[in-house]
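**Q** One structure, pasted below without further comment.
Rule-based calculations on the coordinates, nothing more; no lab input. In this text the structure is predicted, and so the values were computed from the model without any measurement. Cβ atoms come from the backbone with ideal geometry, glycine included; neighbour counts cover every protein chain shown.
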Amino acid sequence: MEHTTNAVLAAADSLIDAFSRHDREKYFAAFSMDATFIFHNLDRPLRTRAAYEAEWALWETRDGFKVLSCRSSDRNLQMFGSMAIFTHSVETKAEFGGEAVTSHERETIVFERQPEGAWLAVHEHLSRAS
């Protein structure tokens, strides 16, 4: 069980690290193609990874979006066989149109073990920290 827990935490850390460096390719590779996303700053869910990638590209071109850093704290992991639920608090520094903005949010990421053994994110839910 400890090996499995470590594998999921490594997958979560890799995803967070790629996000914090605005490494789109590595970040999106951490999600399954059919992953779903719910973000407090969007008026609709994103039902596929491709939909999120398109939204991210829009943020970049329309809003000048760029992630500058991301810090994860208050981490928790629950294991359910081939599924895992990772929750944490997130402090993100990003740039929008040349202006740096810091946000404080809570995030849930659901991971699923793939047939070859890798853990991919299949759902992400981001909410404002109160």
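**Q** By how many degrees, 0 to 90 and rounded to 10, does the Cα axis of helix 2-20 deviate from the longest principal axis of the chain?
**A** 10 degrees
**Q** Can I ask one more? On full extension of the chain, what length is gained from T61 through R24, given 0.36 nm per residue of separation minus the C-alpha to C-alpha distance? All intermediate terms of the calculation are to be shown ahead of the outcome.
**A** Details: separation 37, 0.36 × 37 = 13.32 nm, distance 1.40 nm.
That pair, T61 and R24, stretches by 11.9 nm at full extension.
**Q** Starting at the first residue of region 98-107, write each ³J(HN,Hα) from the Karplus equation 6.51 cos²θ - 1.76 cosθ + 1.60 with θ = phi - 60°, in whole Hz, x for Gly and Pro.
**A** x, 9, 7, 10, 10, 10, 10, 9, 10, 9
**Q** If you stretched the chain out fully between L42 and Q114, how much longer would it get, using 0.36 nm times the residue separation minus the C-alpha to C-alpha distance?
**A** 23.0 nm
**Q** Take the alpha carbon atoms of region 19-34, find their center, do the same for region 108-130, and report the distance between the two centers in whole angstrom.
**A** Rounded to whole Å, the Cα centres lie 12 Å apart.
**Q** Round to the nearest 0.05 the FRET efficiency obtained for E95 and T5 when R0 = 41 Å and r is the Cβ-Cβ distance.
**A** About 0.75, to the nearest 0.05.
**Q** Another question about this same structure. Charges on Cβ only, +1 for Lys and Arg, -1 for Asp and Glu, centred on the Cα centroid of the chain; of H125, S20, M33, which one is farthest towards the dipole's positive end?
**A** Value: H125.
**Q** Tell me, in nm to one decimal, what length is gained between H125 and D17 on full extension, where the rule is 0.36 nm per residue of separation less the Cα-Cα distance?
**A** So the chain would gain 37.1 nm between H125 and D17.
**Q** Taking Cα atoms of region 2-128, Rg/Rh with Kirkwood Rh, to two decimals?
**A** Using only Cα positions, Rg/Rh for region 2-128 is 0.95.
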